[in-house]
Amino acid sequence: TAIAIVGACTQPTGLANVASSPVEDRSLQTLRDDAAITLDINERLVGQQYSDLFAEISTDVYEHVVMLTGTVKFAQNKQRASDLVRSVKGVKRSVNELQVTNDYGPRAAANDLWIETKLKVKLLGTKGIRSINYRWRSVNGVVYVIGAGRSQQEMNTVLNVIRTTERVKKVVNHAWVRPPK
């Protein structure tokens, strides 16, 4: 149950991701490690030192790589988030894509949720890809991607689907192609 709680805290589709995790290409141990990293980050975000950042930051962890997305009002908060992630055991690499802006309201948030939901539907329906191996976040119409593709062709297909989706302004790819076994 701890894994389900972790998923629910970090993303609106977290429960669906956890429920289908066994079909991912990550090992069970890596799934556990990623869940532990996510839990550690969330525990720190609800703690006194970082609680002001909790509502502003989304955390996605894939194979010990942490991607932070969302908006913060001050550059120092972006740095504080990086410092927090650096202090978490098990993190191999972090990607801080927090946007520093005062201009993010309900309309932008609704648009980003629309994009993320549209991408979930489109990627699930695209032949030749395993969308479960990717995570994506939209912030102000910019879609950030993390995960591991099975081939360069699959990765190109995923990025093309995202790039050509209505309302997407830009795609920032942090996913990689998994080496063959």
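From the coordinates of this entry, P(r) over Cα pairs in 10 Å bins from 0, in percent is computed, and it appears in (i) 9, 32, 31, 15, 7, 4, 1, 0; (ii) 10, 42, 39, 9, 0; (iii) 9, 39, 38, 13, 1 under the label (iii). Split the accessible area of the chain by element, probe 1.4 Å, and carbon with sulfur accounts for 55%. Within the chain, the selection of entire DSSP H helices by a Cα span of 18 Å or greater along the long axis and an average Kyte-Doolittle value of at least 0.0 returns 28-46. Accessible area per residue of the chain at 1.4 Å probe, in Å²? Solvent-accessible surface per residue comes out at 53 Å².
Amide H contacts of VAL177: GLY149, each under 5 Å away and 5 or more positions distant or on a separate chain (H built 1.01 Å from N in the peptide plane; Pro and chain starts excluded). Where only DSSP H runs of four or more residues are counted, the chain gives -13500 deg cm²/dmol as its mean residue ellipticity at 222 nm, each run worth -39500 (n - 2.57). Around the Cα centre of the chain, unit charges on the Cβ atoms of Lys, Arg, Asp and Glu (plus for the first two, minus for the last two) sum to a dipole of about 520 debye. A simple rule links phi to the HN-Hα coupling: the Karplus curve 6.51 cos²θ - 1.76 cosθ + 1.60 with θ = phi - 60°, which for the stretch 59-71 gives 10, 10, 10, 9, 6, 6, 9, 9, 10, 9, 9, x, 10 Hz, with x for Gly and Pro.
The label-point distance for ASN140 and ASP83, in a model that sets each label 7 Å from Cα toward Cβ, rounds to 2.4 nm. Our estimate of slack between HIS64 and GLN49, defined as 0.36 nm per intervening residue step minus the Cα-Cα distance, is 3.1 nm. Placing unit charges on each Cβ (+1 for Lys and Arg, -1 for Asp and Glu) gives the chain a dipole about its Cα centre, and among GLY70, GLY125, GLN29 the Cα reaching farthest toward its positive end belongs to GLY125. When nucleic acids and ligands are ignored and a 1.4 Å probe is applied, VAL121 ends up with an accessible area of around 100 Å². In the assembled protein chains, ASP25 presents an accessible area of approximately 40 Å² (probe radius 1.4 Å). Largest GNM mean-square fluctuation across GLY125, GLY90, GLY147, computed for the chain with C-alpha springs under 10 Å, falls on GLY125. Given a cut-off of 17 Å, what percent of all Cα-Cα pairs of the stretch 48-97 lie beyond it? Cα-Cα pairs of the stretch 48-97 separated by over 17 Å account for 28 percent. Near SER87, once Lys and Arg are set to +1 and Asp and Glu to -1 for all other residues with Cβ below 15 Å from its Cβ, the sum equals +3. For the stretch 100-160, averaging the sequence separation of C-alpha pairs within contact (under 8 Å, six or more residues apart) and dividing by the residue count gives a relative contact order of 31 percent.
Can you say what percent of the DSSP beta bridges in the stretch 23-181, counting only those with both residues inside, are antiparallel? Round to 5. Taking every DSSP beta bridge within the stretch 23-181, about 50 percent pair in antiparallel fashion.
Take GLU116: with every protein chain present and a 1.4 Å probe, its accessible area is about 30 Å².
The values are calculated or read from the model by the stated rules, or taken from the named source; none is laboratory data. Not measured: the values here are computed from a predicted model. Because the Cβ atoms are built from the backbone with ideal geometry, glycine has one as well, and the counts that use them run over all protein chains shown. Just so you know, the surface numbers come from the protein's heavy atoms only, side chains and all, with ligands and any DNA or RNA stripped out. Shrake-Rupley method; radii C 1.70, N 1.55, O 1.52, S 1.80 Å.
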